[in-house]
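These notes are about the structure you will find just below.
Read the figures in this text as sums done on the coordinates, not as results from a lab. Because the structure is predicted, anything quoted here is derived from the model rather than measured. Note that we place each Cβ from the backbone using ideal geometry, even for glycine, and neighbour counts take in every protein chain shown.
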Amino acid sequence: MTISGKTRVVALIGHPVAHSLSPGMHNAAFERMGLDYCYVAFDVPPALLRDAVAGVRALELEGLNVTVPHKEAVMPFLDTIDSEAAFIGAVNTVVKQGAKLVGHNTDGRGFMRSLGEKGIEPAGKKVLVVGAGGAARAISYYLCVEAASLALFDLDRPKAERLAADLKDVRGVEVPVPERLEESLPGADMVINATPLGLHPGEDPLPFSPREGQVVGDLIYVETPLQREAARLGCEVFNGLGMLLWQGVLASALWTGREPPHDVMLRALREGLR
Ligand code: NAP
C-alpha cells in the first residue's frame with residue numbers, strides 16, 4: 001500500500017482501539033481491490049468524542065467505524081441515522097455523503113450474512129437470545145421476522161421487555177420475555193449468547209447450559225467454554241467471527257460502493273487473532 005496525497009482515509013474510533021482486528025481486515029481488502037484507501041484506528045476518550053467527529057468533517061474522512069464506548073454517544077453528532085441504527089440505538093459505521101455524516105449499524109445484517117454463509121437457517125426454528133444489550137438488539141431486528149419464534153432473556157428483565165416492546169412496535173412481532181431462562185431454554189432449537197460471558201473463561205459461568213440437538217451461537221469471536229461445551233454435546237456451534245467479518249464487509253461496501261473480498265478479510269482476521 002502506498003500512501004499518497006490522494007489517499008482516502010477511513011478510521012475506527014473507540015477507547016481503547018489498540019487490540020482491534022479491523023485495520024488489518026479493511027486494509028487487506030482495500031489493497032486487494034486496488035483502492036487508494038487506508039484504514040487507521042484512533043483512541044478517542046469520551047470527553048473528546050465531539051471534537052473527534054468535528055475532525056472527521058474538517059479532514060474529510062470517507063467514513064468511520066465506531067466501537068465501544070462511542071456507539072451510542074456518537075449519534076447526536078451525526079446528520080442522519082438510518083432506521084436500523086435508530087432501532088438498535090447504536091451506530092457502528094459512518095459514511096460521508098457529500099457534506100453529511102450518515103450513521104448505520106451493520107451488526108445485524110452482518111450476523112444474518114454470517115448465518116447464511118454457514119448454511120444455518122433461522123426459518124422454522126424457535127430461537128432464544130440470551131442478553132438484551134446492543135448486540136442482541138441488532139440480531140433480534142432480523143431474527144424476530146426470520147425465525148419461527150424469538151424469545152429474549154436478560155438478567156435485567158425490564159431491558160429485555162423494552163427490546164420486546166420495540167420489536168412489537170417496529171417489526172410488528174410479539175416476542176416473549178420469560179422470567180426464568182429454564183422456561184424457554186429446553187424448547188429452543190437455536191440459542192444465542194449475546195452476553196459478554198465467556199470473555200473471561202476462568203471466571204465467567206456459562207451463560208446457559210446447552211442441550212443436545214440445539215444450534216448454539218455465541219457472539220464472542222474467540223473460543224469460549226460455552227462453545228466447547230456445545231461442541232462436546234454434538235451441537236452445531238458458531239461463534240461471532242462471522243458476524244465480525246460480515247459487519248466489516250457491509251461497512252466497506254458502504255464506504256467504497258464495492259463488494260470487498262470477504263475471503264481476504266477473513267484471512268486477515270485469522271492472522272490478527274494469531
Ligand atoms: P451489552 O450491551 O453489555 O449487553 C449484554 C447484556 O447481557 C446486558 O444487558 C447484560 O445485563 C446481559 N447479561 C449479562 N449476563 C447475563 C446472564 N448471565 N444472563 C442474561 N443476561 C446477561 O453487550 P453487547 O454490546 O450487546 O455485546 C454482547 C456480546 O456480543 C459481547 O460479548 C460482545 O463482545 C459481542 N459482540 C460481538 C460482535 C461481533 O461482531 N462478533 C459485535 C457486537 C458485540 P447487565 O447489563 O445487567 O449486565
With charges set only on the Cβ (+1 for Lys and Arg, -1 for Asp and Glu), what does the dipole of the chain come to about its Cα centre, in debye to the nearest 20? 560
Rounding to the nearest 10 and keeping the result within 0 to 90°, find how far the Cα-based axis of helix 22-33 lies from the longest principal axis of the chain. 60
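Hey, what number do you get for the chain at 222 nm if only DSSP H runs of n ≥ 4 count, each worth -39500 (n - 2.57), divided across all residues, to the nearest 500?
Details: 10 runs with 108 residues, N = 274.
Mean residue ellipticity, 222 nm, calculated: -12000 deg cm²/dmol.
Excluding the sites themselves, what is the longest stretch of the chain that contains no GluC sites (Glu not before Pro) in a DSSP loop with at most 16 other C-beta atoms within 10 Å? List each step's numbers first, then the result.
Details: sites that count: GLU60, GLU72, GLU174, GLU179, GLU203, GLU212, GLU223.
Excluding the exposed sites themselves, the longest stretch runs over 73-173.
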Under the √(5λ) rule applied to the eigenvalues of the Cα gyration tensor, what semi-axes describe the equivalent ellipsoid of the chain? Give them in Å, descending. 33, 21, 17
For the range 1-133, with only Lys/Arg (+1) and Asp/Glu (-1) charged at the beta-carbon, what is the dipole magnitude about the Cα centre, in debye rounded to 20? 220
Determine the sum of side-chain charges near LEU115: Lys and Arg each +1, Asp and Glu each -1, restricted to other residues whose C-beta is under 12 angstrom from that of LEU115. 0
The helix 241-256 Cα axis meets the longest alpha-carbon principal axis of the chain at an angle in degrees, between 0 and 90 and rounded to 10, of 30
Per 10 Å bin, what is the whole-percent P(r) computed from every C-alpha pair distance within the range 114-206? 17, 50, 28, 4, 0
Give the residue list of chymotrypsin sites (Phe, Trp or Tyr not before Pro) in the range 21-86 that are DSSP loop and have at most 10 other beta-carbon atoms within 10 angstrom. none
Which listed pairs, of LYS96/LYS118; LYS71/LYS100; LYS71/LYS159; LYS71/LYS96; LYS6/LYS96; LYS71/LYS125, have C-alpha distances above 22 Å, in listed order: LYS96/LYS118; LYS71/LYS125
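Among SER252, SER149, SER83, SER22, what is the fewest-to-most ranking by other Cβ atoms within 10 Å? Please list the in-between numbers first.
Working: SER252 29, SER149 18, SER83 10, SER22 24.
Least crowded to most crowded, the residues run SER83, SER149, SER22, SER252.
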Residues ALA54 and ARG274, FRET efficiency given R0 of 25 Å [Cβ-Cβ distance, rounded to 0.05]: 0.10
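With a cut-off of 8 Å between alpha carbons and a minimum separation of six or more residues, what is the relative contact order of the chain in percent?
Working: 538 pairs, mean separation 47.5, N = 274.
Answer for the chain is 17 percent.
In debye to the nearest 20, how big a dipole does the range 56-120 give about its Cα centre with +1 on each Lys and Arg Cβ and -1 on each Asp and Glu Cβ? Let's see the in-between values first.
Details: 7 positive and 8 negative charges, 17 e Å.
Here the range 56-120 has a charge dipole of around 80 debye.
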Ratio for the range 1-142, C-alpha Rg to 2.2 N^0.38 Å, reads 1.13
